[in-house]
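Scroll down for the structure; my scribbles are underneath it.
The values are calculated or read from the model by the stated rules, or taken from the named source; none is laboratory data. Since the model is a prediction, treat every value here as computed from it, not as a measurement. With ideal geometry, Cβ positions are generated from the backbone for all residues, glycine too; neighbour counts draw on all protein chains shown.
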Amino acid sequence: MSAAPAPAAAAAAAPEPAPGPEPPAAADGAAEHRALVLTGFGGYEKLKVQPRRSTGPGPGEVSVRVHACGLNFADLLARQGLYERLPPPPVCPGMECAGVVRALGDGVQDRQVGDKVMVLAKSGLWQEVVNVPARQTFLMPAGMSFEEAAALPVNYITAYMILFDFGNLRPNQSVLIHMAAGGVGTAAIQLCKTVENVTIFGTASASKHDVLRSSGVAHPIDYRTMDYAEEVRKISPKGVDIVLDPLGGSDTSKAFNLLKPMGKLITYGVANLLTGQKKSLVAMAKTWWNQFSINALQLLHHNKAVCGYDLGSMEEEFELIGRVLSKLDNLYSQGKIKPKIDSVWPFDQVADAMRQMQEKKNVGKVILVPEAPKEESKKEEN
Ligand SMILES: NC(=O)c1ccc[n+]([C@@H]2O[C@H](COP(=O)([O-])OP(=O)(O)OC[C@H]3O[C@@H](n4cnc5c(N)ncnc54)[C@H](OP(=O)(O)O)[C@@H]3O)[C@@H](O)[C@H]2O)c1
């Protein structure tokens, strides 16, 4: 962890919490739990903790007591109304979480009460209790903490599929990873290290370069003060074999131009849309105007591949996702990958959690937990 970010950051290293109490009852006797709700598009203040009525799981669903949730870059875009997969507010965001199965709906056979699971969904997981289709839950690898399990699905599935399924990464190749110290970036570095002699170029803010070097990035580049494409060419005049592009706009064209013959560009994000707390029409126009476009004939002459990836559009691909997760499970068991937790924030501090990511301070994954961890509360009391 780079700075001293979160009051609750120490929880990343803390042992797993004991299963929490059941939700308290509302005035009319019905059980209630706390949920984070996006009340409208805009700044950090649009997210509020609100009570929600707890219901039992429907047929085919499991009810999960949530211990940790992942914050993703898309959640920052969604808060500003720039992520079309989130239903309109008021809505509970949250695409990934980890917790314990507390009840089974009719017809659920492959999960048991007490199972520790990771959950993936389009939205709605930033709550103390969630009811989700059983097929959207995946057993946590043995020995994994809830924080790690909440950090794994989106970042590692994405990194795995773009590097290996689209990128076809092989020994002795070179990769340019943007946002290298972030969630997907950290996962991509660890996965590159599972292949022999891969040279990693990584862009990130300068304060993160020592961490990048120690995690295996041969050439960290400060994209904020220099032209990263020029820097790559100084070291490797022919360019690189694979560029992972989470930025969009003019950076996608730069990525294409940096590819060696037979190189692959995988575009999977539009981080350039985010310039401040609220939606920027200028950034939107600039990104749209500079959008990379190429036709099949031009591709043919260049000997390059362009791929687009969006995990959110694979919501029905449970078998595909399950297969990737089982490969990730193996890599975790062998000690080859390990989610890096930047900081852990209680639901009440979701604004600070978002600020941590949006102000470019995070190194690894930002995690939300329903309550402030107990150890930390004790420290604060003293
Ligand atoms: N297509 C998919 O299925 C999929 C799935 C997951 C993630 N993604 C994409 O992958 C990228 C990384 O996502 P993540 O969740 O792992 O986030 P992340 O990398 O942890 O994001 C935060 C970091 O991004 C860097 N950054 C670059 N441009 C930024 C900007 N305009 N505003 C704020 N920070 C910026 C900052 O670090 P530095 O300044 O140090 O670089 C910041 O610390 C995002 O573009 C996301 O949308 C796509």
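Checking every residue in segment 259-282 against the condition of being of a type in the set (Lys, Arg) and more than 23 Å from LEU191 (Cα to Cα) gives at least one match. Of all residues in segment 84-95, those that are surrounded by 24 or more Cβ atoms within 10 Å (Cβ to Cβ) and not aliphatic (A, V, I, L, M) total 2. The residue pairs whose first member lies in segment 332-348 and is under 14 Å from ILE189 (Cα atoms), whose second member is part of a loop (DSSP other than H, G, I, E, B) and aliphatic (A, V, I, L, M), and whose beta carbons are closer than 6 Å, counting only pairs six or more residues apart or on different chains, are PRO339/LEU152. Is it the case that segment 273-288 has a residue that's more than 27 Å from the chain's Cα centre (by Cα) and assigned to a loop (DSSP other than H, G, I, E, B)? Taking every residue of segment 273-288 in turn, none turns out to be more than 27 Å from the chain's Cα centre (by Cα) and assigned to a loop (DSSP other than H, G, I, E, B).
Can you pull out every residue in segment 261-309 that is of a type in the set (Ser, Thr, Tyr) and within 17 Å of GLY81 (Cβ to Cβ)? Working first, answer last.
Taking segment 261-309 as the starting set, the residues that turn out to be of a type in the set (Ser, Thr, Tyr) are 267-268, 275, 280, 287, 293, 309.
Once the filter is applied, which keeps residues that are of a type in the set (Ser, Thr, Tyr) and within 17 Å of GLY81 (Cβ to Cβ), segment 261-309 yields THR275, SER280, THR287.
For segment 283-321, a residue qualifies if it is loosely packed, with under 12 Cβ neighbours inside 10 Å and away from the ligand (no atom under 13 Å from the Cβ), and the qualifying residues are ALA285, TRP289, SER293, ASN295, ALA296, LEU297, GLN298, LEU300, HIS301, ASN303, GLU316, GLU319.
Of the candidates LYS264, LYS234, LYS208, LYS193, the single residue that is among the charged types (D, E, K, R), touching a strand residue (DSSP E or B) at 6+ places or on another chain (Cβ under 7 Å) and at pLDDT 95 or above is LYS264.
Just so you know, in segment 327-350 the residues that are hydroxyl-bearing (Ser, Thr, Tyr) and away from the ligand (no atom under 15 Å from the Cβ) include one that is nearest to the chain's Cα centre (by Cα), and it is TYR332. In segment 262-282, the qualifying residues are those that are surrounded by fewer than 19 Cβ atoms within 10 Å (Cβ to Cβ) and β-branched (Val, Ile, Thr), and the one that is nearest to the ligand (Cβ to nearest atom) is THR275.
Of the numbered criteria (1) of a type in the set (A, V, I, L, M); (2) farther than 23 Å from ASN330 by Cα; (3) touching a Leu at 6+ places or on another chain (Cβ under 8 Å), the one VAL129 fails is (3).
Of the strands (runs of 3 or more DSSP E) lying entirely inside segment 102-211, those containing at least 3 residues that are under 30 Å from TYR228 (Cβ atoms) are 174-177, 199-203.
Selection of segment 193-202 for residues being free of Cβ contacts under 8 Å to residues at least 60 places away in the same chain and more than 21 Å from TYR223 (Cα to Cα) yields VAL195, GLU196, ASN197, VAL198. Across segment 355-382, the qualifying residues are those that are farther than 23 Å from ILE177 by Cβ and at pLDDT 95 or above, and the one among them that is nearest to the ligand (Cβ to nearest atom) is ARG355. Looking only at residues of segment 214-261 that are in contact with a Phe, Trp or Tyr (Cβ under 6 Å, 6 or more places away or on another chain) and more than 15 Å from the ligand (Cβ to nearest atom), we find that the one that is farthest from ALA74 (Cα to Cα) is VAL232.
For segment 60-83: of the residues being more than 18 Å from the chain's Cα centre (by Cα) and part of a strand (DSSP E or B), which is surrounded by the most Cβ atoms within 10 Å (Cβ to Cβ)? Here the residue is VAL64. Scanning segment 44-59 for residues that are surrounded by 15 or more Cβ atoms within 10 Å (Cβ to Cβ) and in a loop (DSSP other than H, G, I, E, B) returns SER54, PRO57.
Whether any residue in segment 218-226 is surrounded by 19 or more Cβ atoms within 10 Å (Cβ to Cβ), in a helix (DSSP H, G or I) and touching a residue at least 40 places away in the same chain (Cβ under 8 Å) is what I want to check.
no
A single member of LYS238, LYS254, LYS264 is part of a loop (DSSP other than H, G, I, E, B) and touching a residue at least 12 places away in the same chain (Cβ under 8 Å), and it is LYS238.
Take VAL344 and tell me if it is in contact with a strand residue (DSSP E or B) (Cβ under 7 Å, 6 or more places away or on another chain) and either part of a strand (DSSP E or B) or β-branched (Val, Ile, Thr) (or both). Considered against the rule, which asks whether it is in contact with a strand residue (DSSP E or B) (Cβ under 7 Å, 6 or more places away or on another chain) and either part of a strand (DSSP E or B) or β-branched (Val, Ile, Thr) (or both), VAL344 comes out as yes. For VAL324, are the conditions met, namely being within 22 Å of MET140 (Cα to Cα), surrounded by 13 or more Cβ atoms within 10 Å (Cβ to Cβ) and either small (Gly, Ala, Ser) or within 11 Å of the ligand (Cβ to nearest atom) (or both)? So VAL324 fails the test.
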